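Below you'll find the structure, written out as structure tokens, and then a few comments.
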Amino acid sequence: MKKILGALFVLAFAGANLFAYNPPAGGQNVLQLTEPQLLTGAQSAAGGGIFGVTPASIVNNPALTAWEQRITLDVAGTLFVNSNTDYKNYDNSLGGAFQGGFLVPSRWCVSTLLFQGVWTDFFDMPVGNSFNFTGGLAKDITDQVSVGMTVNFGLLYGDAVDSDWTLSAAFGAYYDYGDLFFMKNLRFGVSMNNIGKMYSGGEHTLGINSISAVKDGRYEDVSNGQSWPGIATIRTGIAASFVKTDVMDLGSSLDFSFPAFQNLVMDLGLQIQLWDFLKISSSWEFDVREFANDAKNVIPSVGVSFKFIFNSKEGSYLANKGWAQSDMTVSGAWKQLYKNVNAVSAGAIMNLGLTDTKAPEVIMWGEE
């Protein structure tokens, strides 16, 4: 097994380095733009500072959904506001994104379907327009370890890019260590994403180095963007709670990813949960290549979510399905993606039924 994993790593590393790394700004995170939890969750492969997953979590680590016990519905949308409309045909001031997710647990595994759309023909974020479909399977191996995989298919079009398509797979693993010293619920996650054919916008797409070239007046140095997201991207994450009481839970996460083995991205997240119904989240990203080309902002994102519990009337459809009590979480978030591009996102997640936290009672023959 170790030899197989080693061979896969070597092949991924060799294949990634066959491609030049100059994606458009925003290309690496094109699947992390569609809901508040993705914008503020630090792209955590370990489930965030306070563990919590949605159907869209599979774009960070396919193994994260393995312990979900309830059918989950997820709907969200994001509005992009662009203040830089002065460069050639990049004159759009507004863009958008949306997603719909569906998670179904079964006896054997947890299945997830995710549909995402993104429209951003901006000079500061020229990733074009795309529709992306992701399907995932996750399975708990032990009480602490889970694994998962996803397959993604997408279509790209727009004025700033040539039409194209993508087909890729991702694999992930997750480990819940437990408590260690002052860290509660210490967790680790790792994933290998984007194994396959990535988007390539053709000669009309601007790479990240074009941002600094235009700002400096070096128009002759503007170059075409290469494939995105970065092929064979490894992501590793660690997360834990540091303060945990009956009223408050405070946790943090730290992730490192290596797009195409030619870039380094660090994501730092902080989350606070109060009374089990209010969560405040913030995250900050440091992308070495984007910062070097004056493309990235330095302001953390911020988001808030509220959880509501509701009961269904006896005899209703939900009650008859065993979902007499369910919960819904509504969220909102803001993030300055780039100095001229801001994102405002809102969404709702519905979990049907209650989580089973009671162990089964075993009665032996003859016992009453």
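Return a whole-number percent for the relative contact order of the range 66-141, with Cα pairs under 8 Å and 6 or more residues apart as the contact set.
Working: 164 pairs, mean separation 22.5, N = 76.
Once normalised by length, the contact order is 30 percent.
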With every protein chain kept in the model, how would you rank Tyr177, Tyr21 by accessible area, 1.4 Å probe, largest at the top? Tyr177, Tyr21
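Loop-only check: which chymotrypsin sites (Phe, Trp or Tyr not before Pro) in the range 223-311 are DSSP coil with at most 14 other Cβ within 10 angstrom? Don't jump to the answer; show the numbers that get you there.
Numbers: sites: Phe242, Phe256, Phe261, Trp275, Phe277, Trp284, Phe286, Phe291, Phe306, Phe308, Phe310; in loops: Trp275, Phe277.
Qualifying residues, ordered by number: Trp275, Phe277.
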Quick one: check the C-alpha center-to-center distance for the range 47-94 versus the range 154-176, whole angstrom. 14 Å
Stretch Asp162-His204 to full length: gain in nm at 0.36 nm per residue minus the Cα-Cα span? 14.4 nm
Can you send over the solvent-accessible area of Met248, 1.4 Å probe, protein chains only, in Å² to the nearest 10? 60 Å²
Among the listed pairs Lys184/Lys307; Lys307/Lys335; Lys139/Lys184; Lys139/Lys335, those beyond 26 Å (Cα-Cα): Lys139/Lys335
Using a simple spin-label model with points 7 Å from Cα along the Cα→Cβ vector, what separation in nm is obtained for Trp275 and Asp143? 3.3 nm
Under 10 Å, Cβ to Cβ, from Asn82 - net charge with Lys/Arg +1 and Asp/Glu -1: -3
Which of Ser200, Ser257 is most accessible, then next, and so on - probe 1.4 Å: Ser200, Ser257
For Val298 and Phe102, what is the calculated FRET efficiency with R₀ set at 45 Å and r taken between the beta-carbons, to the nearest 0.05? 0.80
Roll a 1.4 Å probe over the protein heavy atoms and report the accessible area of Arg289 in Å², nearest 10. 80 Å²
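Would you kindly state how much longer the chain becomes between Phe310 and Phe133 on full extension, computed as 0.36 nm times their sequence separation minus their alpha carbon distance, in nm to one decimal? Present the calculation step by step, with values, prior to reporting the outcome.
Values: separation 177, 0.36 × 177 = 63.72 nm, distance 3.09 nm.
Stretched out fully, the Phe310 to Phe133 stretch lengthens by 60.6 nm.
The values are calculated or read from the model by the stated rules, or taken from the named source; none is laboratory data. These figures come from a predicted structure and were not determined experimentally. Here Cβ is always computed from backbone atoms with ideal geometry, including for glycine, and neighbour counts include all displayed protein chains. Keep in mind that these areas ignore ligands, DNA and RNA; they rest on the heavy atoms of the full protein, side chains included. Shrake-Rupley method; radii C 1.70, N 1.55, O 1.52, S 1.80 Å.
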